[in-house]
Amino acid sequence: MPAVEPQRCAGPAVRIRVTPDGPMLVEGPVEVTLPDGSRHRNDRFVVALCLCRRSRRYPWCDTSHRRHSHGPLGASGSGSSNDDES
């Protein structure tokens, strides 16, 4: 089988950083297309994309993951965010 050549980008590569227990940081500006087809644009220098889906500003991170710090998503086994506050 012949080797597959990597595709070359015309412009500079986009830098993406995945943070433990936090958002994905993408050098902006970015446009995100959600599964429902809606598009969201952000022109900031660095954009934080929500990975936990708890953000009220989804797909942008609003640091909601900090209020539910049970470790990495799925580390507790269920991945749910039900907290008993007694």
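Annotations for the structure displayed:
- Pick from the range 52-67, criterion among the hydroxyl-bearing types (Ser, Thr, Tyr) and assigned to a loop (DSSP other than H, G, I, E, B), ranking: surrounded by the fewest Cβ atoms within 10 Å (Cβ to Cβ): 63
- Selection of the range 14-30 for residues being closer than 10 Å to residue 47 by Cα and assigned to a strand (DSSP E or B) yields 16, 24, 25, 26, 27, 30.
- Candidates are the residues of the range 30-83 that are at pLDDT below 90, among the hydrophobic types (A, V, I, L, M, F, W, C) and out of contact with any Pro (no Cβ under 9 Å at 6 or more places or on another chain); the one that is farthest from residue 17 (Cα to Cα) is 75.
The values are calculated or read from the model by the stated rules, or taken from the named source; none is laboratory data. Given the structure is predicted, the values throughout are model-derived calculations rather than measurements. Ideal geometry is used to build each Cβ from the backbone, glycine not excepted, and the neighbour counts take in all protein chains shown.
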